[in-house]
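Have a look at the structure below before the remarks.
What follows is calculated from the coordinates using simple rules that are stated; it is not laboratory data. Note that the structure is a prediction, hence the values are computed from the model and not measured. Backbone-built Cβ (ideal geometry, glycine too); neighbour counts: all protein chains shown.
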């Protein structure tokens, strides 16, 4: 039986009291920061000089080892990530440097999106950070191949169509989805592979110090893989938590593509080809996210994730409506969502 949250907190407090006095911790200041879609929780604790972050990742649900390993790698590569000040991998406790009090998502909710000049500065900093991250070694990471991509896509019929909408796909629908899923997975898998964060979007980027570089802090990278170069830019410009219109998506994608080419990253020399790559990659990701958000609601009782589904559906429709090969998927969504048919452009 898993320990209760209170017993975890007691164990965490005990661990903090046992850490070296040189850290100058003040355990009595421990306060919750946030939780996430996993079992992890985060707290802030004061020291004599600075605040630090405490991660509570309860075994056997979570393993801190990948976080520590990836943090060291990204930090060595020039990415602004937390330093690990203390660790107890057996208990699932980490003491980390604090990258700030506001994520990009929180800043956007507080009005950043309405200040276009400031938004552009921070987003360009994020694009430069992504370029730096993608140059870090990835050869020993799990490979984000077509098998894994296909497995993820099964979340869409299982949890979004069946569990969330009560629409178990029939034989014809399953065949259509199989064709779409195979195409998306195969096209993603043939892209050049780089270091992939997997959730490089506004909740996992911390607002940095500002000028001159506006370098963000990067968090929640423990699930990194070696995978398609277009994956993380698709995560950023088709953010599941923040709606970005197509002109902004294109602006940031073009700027990233220019940065990547200048850095020698293996992006296509023709932006039109890269545009299709990241849009199709975004379609794969957002179909998976529809399944994940539905599962978080249906299985875990985290119903607030349903608030983001209309936005994710919008991104799915944006791509599916542009390419004829995905129009059967669009018709399926029309049936499921009972959406009136509208005319649009495609190629």
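Brief remarks follow.
- Label-to-label distance, residue 176 versus residue 327, with points set 7 angstrom from Cα along the beta-carbon direction: 1.2 nm.
- Folded to 0 to 90 degrees: helix 246-263 orientation relative to the chain principal axis, Cα: 70
- Long-range tail of P(r) for the range 5-97 (Cα pairs > 15 Å, %): 59
- Sorting 146, 63 from the fewest to the most surrounding beta carbons within 10 angstrom yields 63, 146.
- Stretch gain in nm, segment residue 223-residue 29, where the contour uses 0.36 nm per residue and the Cα spacing is subtracted: 66.8 nm
- Pair residue 162, residue 261: separation of 7 Å Cα→Cβ label points (nm): 4.5
- In degrees, nearest ten, helix 327-337 long axis to first principal axis of the chain (Cα): 70
- Computed lengthening from residue 13 to residue 336, 0.36 nm per intervening residue step minus Cα-Cα distance: 111.4 nm
- Average projection, convex hull of the Cα set of the range 240-347: 8.1 square nanometres.
- Taking 282, 321, 291 in turn, the Gaussian network model of the chain (Cα-Cα springs below 10 Å) assigns the largest fluctuation to 321.
- Relative contact order of the chain, pairs being alpha-carbon contacts under 8 Å that are 6 or more residues apart, as %: 15
- Using the rule -39500 (n - 2.57) for each DSSP H run of four or more residues, divided by the residues of the chain, the 222 nm mean residue ellipticity is -14500 deg cm²/dmol.
- Rounded to the nearest 10 degrees, the angle from helix 5-18 to the longest Cα principal axis of the chain is 50 degrees.
- Between the range 279-335 and the range 100-156, the C-alpha centres lie 18 angstrom from each other.
- Judged by the mean number of other Cβ atoms found within 10 Å, the most tightly packed of the peptides 180-193, 16-29 leads the ranking 180-193, 16-29.
- Residue order, fewest to most beta carbons within 10 Å, for 265, 95: 265, 95
- For the chain, modelled as a GNM whose springs connect Cα atoms under 10 angstrom apart, the maximal fluctuation among 34, 235, 202 occurs at 34.
- Gain upon complete extension [residue 209, residue 110; 0.36 nm per residue less C-alpha separation]: 33.9 nm
- Two-site FRET efficiency, residue 183 against residue 251, from Cβ-Cβ distance with R₀ of 41 Å, rounded to 0.05: 0.90
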